[in-house]
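The structure under discussion appears below in the form of structure tokens.
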Amino acid sequence: MLASRTSADTPDTLLDSLKRRIASDGPLTIAEYMDACLGDPVYGYYATRDPFGSAGDFITAPEISQMFGELIGLWCTVIWQQMATPAPVKLIELGPGRGTLMADALRAATHVPEFIEAVQVHLVETSPVLRQMQGERLAASGKTPQWHSSLMAIPEGPAILIANEFLDALPVRHFEHRDGSWFERCIGVSDTGALEYCTTNEPLGDPAIIPLPLRDNAMDGDLAEIRPEADAIMERVAERLKDASTAALFIDYGHTVSTPGETLQAIQAHDFADPLENPGEADLTAHVDFGRLGDVARDKGLQVHGPLPQGEFLLALGLKERCERLMRDADDTTRESLSSGAERLAEPAQMGELFKVMALTGKNLIPPPFTGALAPEEHT
Ligand code: SAH
């Protein structure tokens, strides 16, 4: 199948293509590498496959249980009512995967028919394979989604935005602290032809791109992981809010306080892999720094609610009650899968603690189950 791709300008694999790029332009930043591994239109991880489920590489909350999307659908109807029921309202999802979360959310939200009537579905997705799956999954909802390659492309107007495990796929950059300066960690090619880490010779010209909590009192050997595209998304949400009522819900795995260190990881066939091996064949992600995102969002005038651990969030929204309700009419196999799904989503030892939920709104909105955003001066 690949025989026709062996000519000089069409490398066989992403690894070959990256090695050529490094030979001609020099080492890649970690962000350039992640971008190519996940998003390359020919060889990129998401561009070429459906990675979810037991046959894929990993499983996400909406694929574990329908209850996840249903509770988020109900959350959307409540926040829409707090927003004074704008119509139309854009329901935006960033990185919708197979479209399962949106399908479950829309189905649960049919309890509020005026909401369903008002909703226009906007999906931010770069993968053509996944766009197609999303279209198929949403066919029964009666809503025809509009697709966009970036949040920046979605027109203004009242919006509710949801994103599950999207931010963790955005590229990160790594910097090492040495002799009072920061040096960017990059990826080059070793003498044996394998990919290897290296650092730039020149120190970073603008240390201000490293967030203060990581820059202050930095010690030699400290590593800073930053994610400029996630900061830009916070800014974009804040901009939308200036024009019209907006609420956003971000769910991801990560930490609540910015700490030195790097968290880049590769997952293939439900197991950890070496991020530098088999580029394009493994999912590459890094923890979300909710501490940083909260700081950027507050700085841009948004109210920041949480982050709360996912388990606490789902239980407060009624996970247990929803599970009991569904179990009442279910056969034994379905009951077992409902109960193990709820456990997996909410148990602290499973996804309940590592995954966090953060909501962003304008003033006057208090999305459930949060009890009000901390004022900037209250936030430490
Ligand atoms: N939210 C889904 C999928 C999470 S995986 C779920 O919970 O199951 C990450 C998703 O983000 C995939 O749909 C992937 O194709 C998409 N994605 C990754 N990087 C992206 C980018 N830069 N822009 C738009 N979509 C992206």
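Restricting attention to the stretch 299-322, does a residue exist that is free of Cβ contacts under 8 Å to residues at least 24 places away in the same chain and either over 30 Å from Thr259 (Cα atoms) or in contact with a strand residue (DSSP E or B) (Cβ under 7 Å, 6 or more places away or on another chain) (or both)? Yes: the stretch 299-322 contains one or more residues that are free of Cβ contacts under 8 Å to residues at least 24 places away in the same chain and either over 30 Å from Thr259 (Cα atoms) or in contact with a strand residue (DSSP E or B) (Cβ under 7 Å, 6 or more places away or on another chain) (or both). Taken across the stretch 205-225, residues that are in contact with a helix residue (DSSP H, G or I) (Cβ under 7 Å, 6 or more places away or on another chain) and buried (at least 21 other Cβ atoms within 10 Å of the Cβ) do occur, with at least one present.
Among the residues of the stretch 50-76, those that are within 10 Å of the ligand (Cβ to nearest atom) and part of a loop (DSSP other than H, G, I, E, B) comprise Asp50, Pro51, Gly53, Ile59, Thr60. Entry remark, the stretch 58-100: residues being closer than 26 Å to Ala273 by Cβ and among the aliphatic types (A, V, I, L, M) number 4 in total.
So that you can scan it fast, the table gives a plain yes or no per residue for (1) touching a Phe, Trp or Tyr at 6+ places or on another chain (Cβ under 7 Å); (2) among the acidic types (Asp, Glu); (3) in a loop (DSSP other than H, G, I, E, B); (4) crowded, with 20+ Cβ neighbours inside 10 Å:
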position: Phe272; (1), (2), (3), (4): no, no, no, no
position: Pro275; (1), (2), (3), (4): no, no, yes, yes
position: Asn278; (1), (2), (3), (4): no, no, yes, no
position: Val304; (1), (2), (3), (4): no, no, no, yes
position: Pro307; (1), (2), (3), (4): yes, no, no, yes
position: Glu321; (1), (2), (3), (4): no, yes, no, no
position: Ala330; (1), (2), (3), (4): no, no, yes, no
position: Thr333; (1), (2), (3), (4): no, no, no, no
position: Ser337; (1), (2), (3), (4): no, no, no, no
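Based on what the data block shows, is Leu123 within 12 Å of the ligand (Cβ to nearest atom), in contact (Cβ under 8 Å) with a residue 40 or more places away in the chain and of a type outside the set (S, T, N, Q)? When the stated conditions are applied, Leu123 does not pass them. Within the stretch 224-254, being at pLDDT below 95 and either assigned to a strand (DSSP E or B) or of a type in the set (Asp, Glu) (or both) holds for one residue alone: Asp243. A Cβ distance below 6 Å, combined with a sequence gap of six or more or placement on separate chains, defines the contacts here; from the stretch 157-175, residues that are within 17 Å of Tyr46 (Cα to Cα) and within 12 Å of the ligand (Cβ to nearest atom) reach residues that are acidic (Asp, Glu) and modelled with pLDDT of 95 or more in the pairs Glu165/Asp252; Leu167/Asp252; Asp168/Asp252; Leu170/Glu229; Pro171/Asp35. How many residues are in contact with a strand residue (DSSP E or B) (Cβ under 6 Å, 6 or more places away or on another chain), more than 29 Å from Asn217 (Cβ to Cβ) and acidic (Asp, Glu) when one looks only at the stretch 175-192? Residues in the stretch 175-192 being in contact with a strand residue (DSSP E or B) (Cβ under 6 Å, 6 or more places away or on another chain), more than 29 Å from Asn217 (Cβ to Cβ) and acidic (Asp, Glu): 0 in total. The residues of the stretch 105-136 that are farther than 23 Å from Gly157 by Cα and buried (at least 22 other Cβ atoms within 10 Å of the Cβ), listed by number, are Ser127, Leu130, Gln134.
Condition check ((1) modelled with pLDDT under 95; (2) touching a strand residue (DSSP E or B) at 6+ places or on another chain (Cβ under 9 Å); (3) over 23 Å from Ala61 (Cα atoms); (4) of a type in the set (Phe, Trp, Tyr)) across all residues:
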| position | (1), (2), (3), (4) |
| --- | --- |
| Val296 | no, no, yes, no |
| Leu326 | no, no, no, no |
| Asp332 | no, no, no, no |
| Ser340 | no, no, no, no |
| Gly372 | yes, yes, yes, no |
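Which numbered condition trips up Arg131, out of (1) farther than 22 Å from Ser245 by Cα; (2) within 13 Å of the ligand (Cβ to nearest atom); (3) not in a helix (DSSP H, G or I)? The failed condition is (3).
Among the residues of the stretch 138-156, write down those that are assigned to a loop (DSSP other than H, G, I, E, B), within 16 Å of the ligand (Cβ to nearest atom) and not hydroxyl-bearing (Ser, Thr, Tyr).
First pass over the stretch 138-156, keeping only residues assigned to a loop (DSSP other than H, G, I, E, B): 138, 142-145, 149-150, 154-156.
When the remaining residues are screened for being within 16 Å of the ligand (Cβ to nearest atom), the result is 138, 145, 149-150, 154.
Listed by number, the residues that qualify are Leu138, Pro145, Ile154.
List, please: which pairs have Cβ atoms under 7 Å, are six or more places apart or on different chains, and start with a residue in the stretch 58-74 that is without any contact (Cβ under 8 Å) to a residue 60 or more places away in the chain and end with one that is part of a helix (DSSP H, G or I) and within 9 Å of the ligand (Cβ to nearest atom)? If the second residue must be part of a helix (DSSP H, G or I) and within 9 Å of the ligand (Cβ to nearest atom), the pairs left are Glu63/Thr100; Gly69/Pro62; Gly69/Thr100; Gly69/Leu101. Mind listing just one residue for me: the one in the stretch 237-261 that is crowded, with 18+ Cβ neighbours inside 10 Å and charged (D, E, K, R) and, of those, nearest to Ile72 (Cα to Cα)? Across the stretch 237-261, the extreme among qualifying residues is Asp252. Of the residues making up the stretch 77-113, those that are in a helix (DSSP H, G or I), in contact (Cβ under 8 Å) with a residue 12 or more places away in the chain, in contact with a helix residue (DSSP H, G or I) (Cβ under 6 Å, 6 or more places away or on another chain) and not aromatic (Phe, Trp, Tyr) are Thr77, Thr100, Leu101, Ala103, Asp104, Ala105, Leu106, Ala108, Ala109.
Out of everything in the stretch 39-92 that is aromatic (Phe, Trp, Tyr) and surrounded by fewer than 23 Cβ atoms within 10 Å (Cβ to Cβ), what residue ends up being farthest from Arg335 (Cα to Cα)? Per the criteria, the residue is Tyr43.
Could you tell me whether Ala139 is surrounded by fewer than 22 Cβ atoms within 10 Å (Cβ to Cβ), without any contact (Cβ under 8 Å) to a residue 40 or more places away in the chain and not hydroxyl-bearing (Ser, Thr, Tyr)? Answer is yes for this residue.
The values are calculated or read from the model by the stated rules, or taken from the named source; none is laboratory data. Nothing here was measured: the structure is a model prediction, and the numbers come from that model. No Cβ is skipped: glycine too gets one built from the backbone with ideal geometry, and neighbour counts run over all protein chains shown.
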